[in-house]
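Right, one structure below, let's go through it.
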Amino acid sequence: MTVHLRIWRQAGPDSPGRLAEYTVEDVNEHMSFLELLDVLNEKLITEGEEPIEFDNDCREGICGSCGLMVGGVAHGPQPRTAICQLHMRHFNDGDTIVVEPWRATAFPIIKDLVVDRSAFDRIMAAGGYVSVKTGGAPDANALPVTKEDADLAMDYASCIGCGACVAACPNSSASLFTASKIAHLAMLPQGTPERRRRVLNMVDQMEAEGFGDCSNHAECEAVCPKGISISAIALMRREYVRAVLSS
Amino acid sequence: MEIAEPHVTERPERSRLKARVPAGRLQDKWDVYKNNAKLVNPANKRKHTIIIVGTGLAGASAAATLGGLGYNIKSLCIQDSARRAHSIAAQGGINAAKNYPNDGDTIWRLFYDTIKGGDYRSREGNVYRLAQISNNIIDQAVAQGVPFAREYGGLLDNRSFGGAQVSRTFYARGQTGQQLLLGAYQAMSHQIQEGRVEMLPRREMLELVVIDGRARGIVTRNLVTGELERHVGDAVLLCTGGYGNAYYLSTNAQNSNVTAAWRCHKRGAFFANPCFTQIHPTCIPVSGDYQSKLTLMSESLRNDGRVWVPKDTNDARPPSQIPEGERDYYLERRYPSFGNLVPRDVASRAAKAVTDEGLGVGETNLAVYLDFRDAIERLGRQAIEDRYGNLFEMYERITGDTPYEVPMRIFPAVHYTMGGLWVDYELMTTVPGLFVLGEANFSDHGANRLGASALMQGLADGYFVIPYTLGGYIAGAELGDVTIGHSTFADTERAAGERLRRLLDVKGGKTVAEFHRELGQIMWDHVGMSRNRDGLLQAAEAIRRLRDEYWQNVNVAGRNDTLNKNLEFAGRVGDFLELGEMMALDALHREESCGGHFREEHKTAEGEALRDDDDFAYVAAWEHTGDHARPQLHREDLEFEYVRPSTRSYK
Ligand code: FES
């Protein structure tokens with residue numbers, strides 16, 4: 001099949017950007033969307049043009065490197081799917097597909113479709129961990145955890161840090177990202193000693209990075225490639241209130 | 001075609017390589033080592049800068065641990081965040097000898113399985129230490145909040161994995177690597193907050209800086225601005241993963257590469273057993289030329305799936321219409337006692353054997369079936385969904401087929417490299433001060449890695465081995481004052497810059513990806529699942545030619561002073577083109593079959609691998625002797641005091 005692409009090109013953080021038009025023929029339905037961009041890039045390189053820059057690595061939906069607005073939707077049309085796992089069989093011959101980077105003040109564009117998501121790392125550094133040093137940990141079975149809690153913790157912990165939640169949110173809020181780590185650790189006894197500090201510091205950092213507030217649009221949950229529930233955000237709010245009240 | 005005889009077939013010299021495994025009983029060696037290791041005064045640790053390249057399991061766990069001990073850590077990675085290193089993609093699990101299920105596991109048994117699984121091509125002392133440490137890793141991960149699977153009683157669940165006879169594998173759904181990596185990343189983030197670790201993402205190491213015979217720094221390219229940067233330290237820890245992308249198609253991430261390791265090799269670090277690569281039996285087959293990677297399906301699927309092909313080469317019926325009697329469950333037939341659970345190398349070779357006979361299935365005939373029909377009948381669809389739901393979903397997403405109804409089509413793919421930079425017991429290379437951890441070193445898996453052992457090794461090296469061995473080095477070494485103004489830094493940076501310029505200046509007619517694909521095809525055809533002398537000679541020659549062409553005819557897009565992934569790839573493919581030849585030479589010189597290295601000339605009457613312990617029970621470590629010269633072979637003889645190498649039999 002043939003697809004038409006309108007792709008955001010921007011030479012650098014301060015350069016103006018624009019949508020450039022390309023057509024790719026002989027698209028195979030088994031190709032992934034990123035392989036489509038590979039094919040286009042090969043053509044561009046051969047023609048002496050600069051290829052389109054986009055972040056990607058594992059191409060199996062787990063590293064969180066990839067992230068594109070495809071047709072106005074973060075990670076494209078298939079639910080619970082990172083864009084690297086989306087295959088061309090979900091498009092039709094003759095489609096025109098608009099491809100843009102994540103848009104958020106806290107995610108400045110570096111080049112083309114590549115953005116700077118280091119704000120996420122700083123939120124994590126503010127408290128997204130249990131402060132144990134290596135060595136001296138008690139036996140792993142010393143502290144039982146109910147299966148239900150462990151499973152729920154795992155649901156929240158499956159966040160890949162891609163940033164789709166921010167890109168989809170009308171307020172560019174990083175609440176789902178931040179809350180998923182808070183919720184993961186709040187479900188487990190290991191996370192308990194620091195739960196107060198954790199939520200206060202991570203939420204402060206989230207605000208300091210310029211992410212917006214959550215006003216319950218739930219767009220984040222809809223695009224999350226791991227299907228993380230916004231119940232995490234409710235839990236984060238409860239943790240926050242409790243932390244503020246107890247201080 | 002006239003093919004020059006490589007002189008690596010000469011008898012290698014017995015070499016100066018010393019593994020420095022401590023004396024004493026196997027069970028005591030690591031304690032003996034720790035009892036005698038020199039310690040760094042706690043007040044002095046912050047005066048020592050340690051450079052850690054890579055933030056996968058090995059790198060992140062090392063940064064977290066050494067930062068926690070008080071060292072001054074500089075950590076670098078090529079991704080935009082440390083959390084994205086390729087360890088994150090590991091699905092299955094992590095082994096430990098906890099024996100929680102009380103099914104007879106011991107440290108000895110984990111040691112024994114690992115050394116046997118590696119086909120007796122690894123060091124007893126290292127592997128035993130790994131098995132001892134395995135239990136601490138689980139404790140550490142749980143303390144960090146890693147959400148391992150649990151039983152209803154609240155204790156940790158274990159499963160059997162990769163054909164082990166005991167259940168010793170801890171797991172977090174099909175995302176064990178992700179959860180362990182995030183645990184290490186979070187621990188490292190804590191140290192970043194404490195100011196003990198400085199994290200520099202989007203940096204690629206292009207050179208090692210060796211001053212007065214010691215590793216004292218690195219040169220990196222800032223992948224956003226293109227600037228070359230100098231970093232000085234008292235030791236360099238390389239945690240940069242494996243080189244499976246030499247084959248172009250592999251289960252590795254797009255950016256996984258050998259460049260940092262190869263640059264170290266060219267600065268004096270020997271490269272050990274480069275031909276030992278693991279081809280994983282259960283991956284989704286190739287579907288076309290545009291394909292950029294192969295996706296692994298966890299081998300836990302073989303616990304319930306049955307592998308088969310039609311008995312008749314011309315059978316084009318859909319699988320459901322092929323009656324039982326006309327199916328060949330070839331693993332169950334050839335290996336009645338292990339059946340579908342034979343180790344990875346054995347399963348991969350068997351798949352190749354049936355497809356070579358023309359019995360393969362699917363559009364390309366390069367696939368075999370992995371069928372869940374019987375398991376669904378026996379256990380019910382729900383049970384299968386509980387066990388493999390996310391894997392089935394992933395398969396369906398990629399292929400469009402649902403494995404509940406149609407058998408999966410699978411084929412082997414390059415997955416892991418057991419070879420890597422040679423290190424001694426302290427994880428130090430032949431360049432003093434350069435340590436290598438995780439998949440990037442060659443150390444613990446011999447000629448074949450068992451399932452759920454990669455995570456174990458990466459974390460063992462980073463959390464529990466390097467803190468002791470690095471301290472010993474720092475406390476014992478005379479480290480003069482060096483700054484980034486040293487002339488060697490300037491020279492090394494110049495060399496890195498010139499290479500980038502050369503790549504951009506060729507402006508030839510073929511893209512980097514075209515060269516990479518060609519290299520991959522040569523490697524897969526001749527240095528893949530089965531190898532022979534003629535094929536390897538041809539491969540070495542073809543790679544040399546391709547490499548010459550590369551520097552005359554590659555077309556690298558864009559500029560140096562900006563984000564330019566094509567330029568990054570160009571450098572990496574340039575290094576793969578050198579490594580590939582060495583892999584072929586190593587495979588050529590090893591006139592035996594062992595583990596993942598199968599030489600067609602060396603097999604039993606039944607077609608199984610035939611090892612030669614008299615002549616090849618050694619580690620082959622290659623020394624770089626110049627860009628156009630042949631590498632020099634050194635050997636480290638493997639001595640087996642505690643286990644007697646036997647023929648692996650899974651019959
Ligand atoms: S490239 Fe890793 S999640 Fe898409």
Would you check if B:Thr49 is polar (S, T, N, Q) and within 13 Å of chain A (Cβ to nearest Cβ)? no
Hey, could you check the stretch A:22-34 for residues that are under 30 Å from A:Ala218 (Cα atoms) and either facing chain B (nearest Cβ under 10 Å) or modelled with pLDDT under 95 (or both) and say which is farthest from the ligand (Cβ to nearest atom)? A:Ser32
Within the stretch B:100-131, the count of residues that are touching a helix residue (DSSP H, G or I) at 6+ places or on another chain (Cβ under 7 Å) and over 27 Å from B:Ala620 (Cβ atoms) comes to 1
Is there a residue being under 20 Å from A:Gly71 (Cα atoms) and either more than 11 Å from chain B (Cβ to nearest Cβ) or not acidic (Asp, Glu) (or both) anywhere in the stretch A:116-139? no
What tally of residues in the stretch B:336-347 results from selecting those that are over 14 Å from B:Gly596 (Cα atoms) and part of a helix (DSSP H, G or I)? 3
The number of residues in the stretch A:89-132 that are farther than 22 Å from A:Leu200 by Cα and either without any contact (Cβ under 8 Å) to a residue 40 or more places away in the chain or not in a loop (DSSP other than H, G, I, E, B) (or both) is 13
Do you know which residues across the stretch A:140-172 are among the aliphatic types (A, V, I, L, M), in contact (Cβ under 8 Å) with a residue 40 or more places away in the chain and either over 19 Å from A:Glu194 (Cα atoms) or more than 9 Å from chain B (Cβ to nearest Cβ) (or both)? A:Ile160, A:Ala164, A:Val166, A:Ala167, A:Ala168
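Residues are listed down the side, and each one gets a yes or a no for (1) surrounded by 15 or more Cβ atoms within 10 Å (Cβ to Cβ); (2) within 19 Å of B:Ala351 (Cβ to Cβ); (3) at pLDDT 95 or above:
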residue: B:Gly380; (1), (2), (3): no, no, yes
residue: B:Arg387; (1), (2), (3): yes, no, no
residue: B:Leu391; (1), (2), (3): yes, yes, no
residue: B:Glu396; (1), (2), (3): yes, no, no
residue: B:Val423; (1), (2), (3): yes, no, yes
residue: B:Leu427; (1), (2), (3): yes, no, yes
residue: B:Val431; (1), (2), (3): yes, no, yes
If I ask for residues that are away from chain A (no Cβ under 14 Å) and of a type in the set (D, E, K, R), which ones from the stretch B:73-124 would you list? B:Lys74, B:Asp103, B:Asp105, B:Arg109, B:Asp113, B:Lys116, B:Asp119, B:Arg121, B:Arg123, B:Glu124
For the stretch B:494-541, name all the residues that are of a type in the set (Gly, Ala, Ser) and either at pLDDT 95 or above or part of a helix (DSSP H, G or I) (or both). B:Ala495, B:Ala496, B:Gly497, B:Gly508, B:Gly509, B:Ala513, B:Gly520, B:Gly528, B:Gly535, B:Ala539, B:Ala540
Would you be able to say whether some residue in the stretch B:348-361 is touching a residue at least 60 places away in the same chain (Cβ under 8 Å) and in a strand (DSSP E or B)? no
Yes/no for A:Ile123 being outside the structural domain of A:Glu209 (by TED's automatic domain parsing) and of a type in the set (A, V, I, L, M, F, W, C): no
Inside the stretch B:245-282, can you point out the residues that are small (Gly, Ala, Ser) and within 12 Å of B:Ala440 (Cβ to Cβ)? B:Ser256, B:Ala260, B:Ala261, B:Ala269, B:Ala272
Tell me which residues, restricted to the stretch B:126-148, are more than 30 Å from B:Gly24 (Cβ to Cβ) and either facing chain A (nearest Cβ under 7 Å) or under 22 Å from the mean Cα position of the chain (by Cα) (or both). B:Val142, B:Ala143, B:Gln144, B:Gly145, B:Pro147
Qualifying positions in the stretch B:303-331 - hydroxyl-bearing (Ser, Thr, Tyr), farther than 15 Å from B:Ile410 by Cα and crowded, with 17+ Cβ neighbours inside 10 Å: none
With the condition kept exactly as written, say whether any residue in the stretch A:4-11 is outside any loop (DSSP other than H, G, I, E, B), within 16 Å of the ligand (Cβ to nearest atom) and more than 10 Å from every other protein chain (Cβ to nearest Cβ). no
Does the stretch A:46-64 hold any residues that are buried (at least 20 other Cβ atoms within 10 Å of the Cβ) and more than 6 Å from the ligand (Cβ to nearest atom), and which are they? A:Pro51, A:Ile52, A:Glu53, A:Phe54, A:Asp55, A:Glu60
Residue pairs qualifying under the 8 Å Cβ cut-off, at least six apart or on distinct chains, with the first in the stretch A:47-64 being more than 7 Å from every other protein chain (Cβ to nearest Cβ) and the second being polar (S, T, N, Q) and within 14 Å of the ligand (Cβ to nearest atom), are A:Gly61/A:Thr81; A:Gly61/A:Gln85
Mind checking whether some residue in the stretch B:403-415 is surrounded by fewer than 24 Cβ atoms within 10 Å (Cβ to Cβ), within 14 Å of chain A (Cβ to nearest Cβ) and modelled with pLDDT of 95 or more? yes
Identify the single condition in (1) part of a loop (DSSP other than H, G, I, E, B); (2) of a type outside the set (Asp, Glu); (3) under 17 Å from B:Gly288 (Cα atoms) that A:Pro51 does not satisfy, given that it satisfies every other one. (3)
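The values are calculated or read from the model by the stated rules, or taken from the named source; none is laboratory data. Note that the coordinates shown come from a computational prediction; the quantities given were computed from them, not determined experimentally. Cβ: placed from backbone, ideal geometry, glycine included. Neighbour counts: every protein chain shown.
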